[in-house]
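Q: Below are the C-alpha cells for one structure; questions will follow.
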Amino acid sequence: MKTLVKTFTAAALIAVSTFAMAAEGPGSKSAKANVNLSTADFALEHYVAVTTEGESAGVEQLFAEDFNQKVQSANAKTNSRNEVVKYLKKQKGEKLNCTVNTDIIEESADYMVAKVTMKFEDFTKTDLVTLVREGNEWKVSKSINSYK
C-alpha cells in the first residue's frame, strides 16, 4: 500500500512538473525546472523517473555537487556528476524497457540508502543509491551500479 501511495505521489509530482513546464511555452529551460525534493521519497521517485523514464526536469537539481557514480563490472568505472547529468539530459524522453523495484535499505532524518532494481529481458541492473538532506532538499550523493 505504501508503494502504491508513493507511486501515485510521484506520478502526480511528475505530471504537475510537466504541466508547469508546458505552460512556460516554447524556449523554456525544462532541464532547469524546480522539482519538489522536500522528502527522501520524492527525491528517490524522481531519481527513478530520471534514470528509467527519460524525465529531464530537475536533473541538475537532483544530484549533490559531490555526486559520483561507480559502475561495478569487469571494467570498473567511476562517473562524475557532470558526466551523469550530461548523459541523462541526452536520454530525455527515452523510456527503458524494464520493470523497476525500489527497496529502502536504511533511512534516518538526514540520509537514505535505497536499492533500485531494474529488470530487463536479459539482465538485471542493481543501483544502490545514497540520498542526503542538503538544507530543505534531498539530493542523490552516490550511486553504485552492478549488473547480473
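Q: Can you bin region 49-120 into rounded, prolate or oblate? Criterion: square roots of the alpha carbon gyration tensor eigenvalues sorted a ≥ b ≥ c, rounded for a/c under 1.5, prolate for a/b above b/c, oblate for the rest.
A: On the way: a/c = 1.20, a/b = 1.11, b/c = 1.08.
Rounded is the answer for region 49-120, as its axis ratio a/c remains below 1.5.
Q: What is the order of F63, F42, fewest Cβ neighbours within 10 Å to most?
A: With the sparsest Cβ surroundings first, the list reads F42, F63.
Q: Please list 134-144, 99-109 highest first by mean number of surrounding beta-carbon atoms within 10 Å per residue.
A: Sorting 134-144, 99-109 by mean packing, highest first, produces 134-144, 99-109.
Every read-out reported here was derived from the displayed coordinates using simple, explicitly stated rules and does not represent laboratory data. Here the structure is a predicted model, which is why all the values come from computation and not from measurement. Backbone-built Cβ (ideal geometry, glycine too); neighbour counts: all protein chains shown.
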